[in-house]
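Below: one structure, written as structure tokens.
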Amino acid sequence: MAVDCVKSCRIFGYRDRIYGENLAACIIPQEGVPFDESEVRDHIKAVMGSYKTPAYYILFDSFPLNANGKVDQRALHMDMLYRMHRLAISGKLQKGIRIMAVSMKNSAYCTVPMADLAESCSLNLGFGPQKAARIRLAVEEMMSLRVSEAGESIGDIQMEILCYTNYLRVAFTDPNMVPELDGEQRENRRISMAIITRMADDTFIEPETKSNFYAEIDFAYDRDFNVQDFLMQHERIE
């Protein structure tokens, strides 16, 4: 490739969920020359046309070689797919990957099933038993709070579990915002939030001026747990 910042380049196709198929470039940068992706993109576009311009540019220190000393195209292609998959997971984690979403009747009878689901999900995601138990207790307390404030006969409660880069989030939504809490309800909320705050690493409840109730409870991953590595092991590379 006649671009100063590129020493070697290989272009491969890959399966794209939107376009069906797309292209990615594997590049070894030229030593001592800053890599400029826009320059490489413009060059490929001018030579091969817009429809053949790669969507991704993956940098390598070197390409794998076969027994004959030539570039092992199959191994390079698999390495490229692995790196692209890791980048895709990293991007999704920044926005939050929804692991589970469930809607249950706003009833005290649903408190335990909701907490069971949250605990089971957190264990499957790699949390230890102690942290999973904390997640369960926080969910139980939040469910109890919503049932006591909104009443069992009105609407449903939605619970979502999302993975982010550094924490797991359990989010609650329901349409049963109480305009004004009486003294007993405010005291109950204070006690419940004290319990939830103690169990969680961070919490957020939207202001009461909103028409719907919304709350987030965040739990940091254990220090030796990497959610990106976990998802890489459990998601299929296409």
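The values are calculated or read from the model by the stated rules, or taken from the named source; none is laboratory data. For clarity, every value in this text was computed on a predicted model and none was experimentally measured. FYI the Cβ positions are ideal-geometry reconstructions off the backbone, even for glycines, and counts take in every protein chain you see.
Tabulated values for the structure
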| read-out | value |
| --- | --- |
| Leading residue by the ranking (farthest from Gln233 (Cα to Cα)) among those in region 120-130 that are modelled with pLDDT of 90 or more and in contact with a Leu (Cβ under 9 Å, 6 or more places away or on another chain) | Pro129 |
| Top-ranked residue in region 1-19 [being of a type in the set (D, E, K, R) and at pLDDT 90 or above; ranked as surrounded by the most Cβ atoms within 10 Å (Cβ to Cβ)] | Arg10 |
| Residue within region 72-79 that is in a helix (DSSP H, G or I), among the basic types (Lys, Arg) and surrounded by 14 or more Cβ atoms within 10 Å (Cβ to Cβ) present | no |
| Members of region 20-58 found to be within 32 Å of the chain's Cα centre (by Cα), closer than 12 Å to Val6 by Cβ and either surrounded by 13 or more Cβ atoms within 10 Å (Cβ to Cβ) or outside the structural domain of His85 (by TED's automatic domain parsing) (or both), listed by number | Ala25, Cys26, Ile27, Ile28, Pro29, Phe35, Asp36, Glu37, Glu39, Val40, Arg41, Tyr57 |
| Meets criteria (buried (at least 18 other Cβ atoms within 10 Å of the Cβ), of a type in the set (S, T, N, Q), out of contact with any Pro (no Cβ under 9 Å at 6 or more places or on another chain) and not in a strand (DSSP E or B)) for Ser122 | yes |
| Ala133 vs. criteria part of a helix (DSSP H, G or I), assigned by TED's automatic domain parsing to the domain that holds Arg190 and under 13 Å from Val170 (Cβ atoms) | no |
